[in-house]
Amino acid sequence: MAELDLASFFLALLAGAIRVGTPFIFVSLGECLTEKSGRINLGLEGILITGAMSGYALACLTGSPWSGVFAAGCAGLLLGLLHGIVCSLPRVNDIAFGIALILFGTGLAFFLGKSFIQPQAPMLPAIMLGAWSDDERVRSALSINVLFFIGVALAVVLHWGLRSTRWGLMLRLVGEHAESAHALGYRPVLVRIGATATGGFLAGVGGAYLSLYYPGSWNEGLSSGQGLMAVALVIFARWQPLRCLWAALLFGAAGAIGPALQAVGISAGYYLFSAAPYILTLLVMFVTCRPNRTLNGAPGELSLTR
Amino acid sequence: MNRLPLLPRTIRTALPALPTLLALVSSFLLFMLFLGVQGKPSWEACRLVFEGAFGSVFAWENTLQRAAPLMLTALCVALPAHAGLIIIGGEGALVLGALAAAVLPRIVPGLAPLPMLLGMGCVSMLAGGLWIGINGWMRQKRGLNETIGSLLLSYIAIALFNQLVEGPLRDPASLNKPSTPPLAEDYLIGPLSESFQVHWGLVAGVLACVLAHVLVRYSVTGFSLRIVGGNVRTARMVGLPVDRLVLLTCVLGGACAGLAGMFEVSAVQGSANAALIAGYGVSGILVAFAARHNPPGIIVCAILLGGIEASGSLLQRRLGLPDATTLILEGLLFTNLLAWEALWGRIGRWRLYLGERYERRYAMEAQHG
Amino acid sequence: MSTLDRRDFLKLTGLIGLSAALPLSLARAADKPLAVGFIYVGPRDDFGYNQAHAQAAAIIKSLPNVRVIEEENVPETVAVQKTMEAMIRQDGVGLIFPTSFGYFDPHVIRVAKRFPEVRFAHCGGLWQEGVHPGNAGSFFGYIDEGQYLNGVVAGYASKSKKLGFIAAKPVAQVLRNINAFTLGARSVAPDITTTVIFTGDWSLPVKEAEAANSLIDQGCDVLTCHVDGPKVIVETAEKRGVMSCGYHASQAALAPKGYLTGAEWNWETPYRAHVEAAQKGAPMNNFLRGGLKDGFVKTSSYGPLVSDEARARADAIKAQMIAGKLDIFIGPIKDNRGNVVIAAGTAHAQTDVVLEGMNYLVEGVRGQI
């Protein structure tokens, strides 16, 4: 009996990791792409919230959740573009602009989203991978949203793309050493704007996952800092898309473990449980960082590591 | 220099304020456009923002009250920035400072009000300074990036704060709002005067900005800092104690944020509880960047931000606009500020050009005359 | 501005402030409509706590000779003090309903002392004679009666005999609800257990959804909650095909299949009482409490899954409560660690203030505080 319980506990934890972790996959891949080009966008938090709102709103208006996902991506793209363009101006600090973008994005979403708190939007469907099982818990754990698989595929594609395609090399070169990229005839500014906008698109989609699938409603407390957490996550993952995927699942599991433990009767220290991913990231950074050397895999042009 | 004709002279002194002014104008225009497109009364909204922020004595009280903690949390960003560090974890230092101040009366009970308040100020500064100091230390010793480190440490501090306030440090009598035991009446900080309801945190904030200005601008330490912030290698070459300087700015910055926490406890909340986590740290980052990390500028920018936040109430009650309206205005203001500031480099070049031209002409006139 | 100028400025503005405040105290004439202010801590349409208040405020709005001023998303910081003051100064309100727990101490108390001619009717606080100002007061409803009925209905509906409760923080009012829910369920089937999950804050949708899923995975087949917005929890339960009981307001529309019943506020009653007293100039009722009997709380109509037997039993209990013949907390009651918390022979009437300081979970609740 105890064994069975343990198995179901871990199944539940895995399911929780996927449910909670999927937005992290998108936001962290977006941030990874942005940072690979040598910029950091702290504004993904604002983009995420704007994405969640515009996705929900459009799904409400059109009746199609997928058009909501697309709208969320486009809203993210626009805000990402704004970040990319403004930070291309001389003397603009990307961290400061990111924080301004958090404010702006959040304000925009809350302002325009007021009238969409009450209506019910159509939700994204889940794929029932567990239809074979009689156990409702297994079926529920294995009903996974399509966006999760898209996220996994995206991580693989980005991993391969950054490593072995021309544009991947160009992006990394721009992030590593803009002058050499310039000397080779690329235009670092344009590459960065493109990378930031694409990152914004992905973060917007991550927001749509929140409002259109899990937890699946639009309100002002929807995000609990997933966008900012993604910045830490990318460092945790050492700027590698595949590791971002694992890290996102790990962060998701960390978010799911508190409730899961309480459900089996262990309820002490739930605040510290929710801080676990931060403590973990800090520890990993502390152990692996060395003075006078940048982090392994860190883009050389990143303001974070200079 | 000061014998230049009046016009170019005024232009030259007014120029540094120009990007800020342009940002103000353009962000308000965009704000009006945003509201106008939706058919909301945009002009009236702008008028109410002004009225709610600066239109009456009460509005000033409201604005200054909100600005007080922002000045201190902004210094938590600005001081390390002078040594080239970007610290964004002021919120963590604030809550820990608040917690330290709130528990001091429990550890050393029965002190007279003044020593107790001074003691509370000291421990809060110690707690905040230590927390941000850890950031500086981790960066200098381990090369751990201070921006992300401070963000993580801030989250950890808030979790720690919640755990302690709802666990071992909770006052069992705080039934529905877990808090530390309330401060005795004597240990509460009142308003500046009964007729001007702004607490002493404002004085502390202004004073801290002035002191920071003196430190950065007029002291040898400040001069060394500028070298460190400009180029660490040069600083090391001339033998400056880089690690110690970086650590100093972090500790001082953190101490300011911690002090903000102490004032929130002793002048506003009366105890430490979750209401302290109100985003003062994040607003402080914006204030610091808007002021270009210049302490006197921080005073102005904090008042500006405090004013916008104060005006939100009036916008809701008079026009039925959502509370997020002020967030939009703040967001616009800061994005515009950063964008306009980017043009500052170019304006700087015009300034040089203007100056040279007039100097040349003045010299020529002097020769002829 | 030098410090000297600043001091003069403060004095001057102080004087203006004083003169501005004077005419206000004389302002309210008998036939003028009463301006009533409502302050919410979250958005008005959260399907929960704030919505319950806003719905009642909308009814107050329709009363003759009443003007309603509302403000939402006001944090429990200096912001709420300034909002109350602004409502008094700028809108001339004579009665304020600050609706969040956290507003009471110190914010309402502090502002109430400064404006003795304005009434402050706070929701949820524990007003004490001699300690708190006479123009402030607190009202609250015994919603645990509704949660007890939720428990009774859930006890009949549950097949697994495991219920789930998702709560924000382990504070007295929440614990009382968890206990009442459990006692209600165990009055039907003594072997029922309630598993409780604390999320840590009043509005954390992702955590709440995750908590709901975890509880369902552990076999709980009826969920209820005490968080600000139960929407996510009720929807998650419906999606997973388990039943739910609502809280704050009716969530029946969100879960047409699995919604059993719900404990709802009916704030209209205390609101009306306070408004009428203020209009007549009757003395302030400083400590206003009521349950089903008094119309402070109500229950949602039963959902399709509620059996006839359950309906009959719940209706009978409800009738007894309305008649004032049923107390929930009757000894002997043990907590979930085995200690006797209410001795045999002791019965706490609902109005007993002891119950408002509840700090234990009764036998049958799985969870720690």
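Summary table below
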{"item": "Per-residue average of Cβ from other chains inside 10 Å of C:353-360", "result": "1"}
{"item": "Expected 222 nm ellipticity per residue - DSSP helices of 4 or more, -39500 (n - 2.57), all of chain C, to 500", "result": "-12000 deg cm²/dmol"}
{"item": "For the stretch B:60-128: rounded, prolate or oblate by the Cα gyration tensor [a/c cutoff 1.5]", "result": "oblate"}
{"item": "Which of C:Trp267, C:Asn336, C:Ala278, positive extreme of dipole for chain C (C-beta unit charges)", "result": "C:Ala278"}
{"item": "Range of Cα positions in the stretch B:136-254 per principal axis (Å), largest first", "result": "59, 39, 18"}
{"item": "Filter on C:Lys82/C:Lys298; C:Lys159/C:Lys325; C:Lys207/C:Lys257 - keep pairs with C-alpha separation over 32 Å", "result": "C:Lys82/C:Lys298"}
{"item": "Accessible heavy-atom area order of C:Ser250, C:Ser214, highest first, probe of 1.4 Å", "result": "C:Ser250, C:Ser214"}
{"item": "Average Cα contact separation per residue, chain A, under 8 Å, 6 or more apart, as relative contact order %", "result": "36 percent"}
{"item": "For C:Phe198, residues with placed amide H under 5 Å, excluding near neighbours", "result": "C:Ala167"}
{"item": "Cβ neighbours within 10 Å from other chains - mean over C:102-109", "result": "4"}
{"item": "Ranked by how many other beta carbons lie within 10 Å on average, peptides B:216-226, C:130-140 from highest", "result": "C:130-140, B:216-226"}
{"item": "Euclidean distance of C-alpha centroids, the stretch C:299-317 and the stretch C:204-224, integer Å", "result": "24 Å"}
{"item": "Cα centroid separation, the stretch B:132-148 to the stretch C:110-154 (Å)", "result": "48 Å"}
{"item": "Relative contact order %, the stretch A:1-113, counting alpha carbon pairs below 8 Å whose residues are six or more apart", "result": "30 percent"}
{"item": "Test item: C:304-312 mean partner chain Cβ contacts at 10 Å", "result": "0"}
{"item": "Student exercise, chain A dipole from Lys, Arg, Asp, Glu Cβ charges, in Debye to nearest 20", "result": "900 debye"}
{"item": "Mean Cα-pair separation over length for chain B, i.e. relative contact order, pairs under 8 Å, 6 or more apart, %", "result": "34 percent"}
{"item": "Stokes-Einstein translational diffusion, the protein assembly as shown - Kirkwood Rh over all Cα pairs, 0.692 mPa s, 37 °C, in µm²/s", "result": "109 µm²/s"}
{"item": "For the stretch B:67-320: span of alpha carbons on each principal axis (Å, largest first)", "result": "59, 45, 35"}
{"item": "Distance between the stretch A:222-301 and the stretch B:211-288 - C-alpha centres, whole angstrom", "result": "27 Å"}
{"item": "Karplus 3J(HN,Hα) series, Hz, for the stretch B:93-106 with 6.51 cos²θ - 1.76 cosθ + 1.60 (x for Gly, Pro)", "result": "5, 5, 5, 5, x, 4, 5, 4, 5, 6, 8, 4, x, 7"}
{"item": "Packing rank of C:363-369, B:165-171, where each peptide gets the mean count of other beta carbons within 10 Å, highest leading", "result": "C:363-369, B:165-171"}
{"item": "Chain B - mean residue ellipticity at 222 nm from DSSP helices (-39,500 (n - 2.57) per run, n ≥ 4, rounded to 500)", "result": "-25000 deg cm²/dmol"}
{"item": "Max mean-square fluctuation residue, GNM over chain C, Cα-Cα springs under 10 Å, options C:Ala168, C:Ala319, C:Ala263", "result": "C:Ala319"}
{"item": "Expected 222 nm ellipticity per residue - DSSP helices of 4 or more, -39500 (n - 2.57), all of chain A, to 500", "result": "-23500 deg cm²/dmol"}
{"item": "Nonlocal amide H pairs with B:Val198, under 5 Å, H built at 1.01 Å", "result": "B:Leu192, B:Ser193"}
{"item": "The stretch C:241-369 shape via C-alpha gyration tensor axes, a/c threshold 1.5", "result": "oblate"}
{"item": "Shape category assigned to the stretch A:205-298 from the gyration tensor of Cα positions, a/c cut at 1.5", "result": "oblate"}
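The values are calculated or read from the model by the stated rules, or taken from the named source; none is laboratory data. Just so you know, these numbers come straight off a predicted model, no measurement behind them. For neighbour counting, all protein chains shown are included, and Cβ atoms are generated from backbone atoms with ideal geometry for every residue, glycine included. With ligands, DNA and RNA removed, areas are computed over all heavy atoms of the protein, side chains included. Shrake-Rupley method; radii C 1.70, N 1.55, O 1.52, S 1.80 Å.
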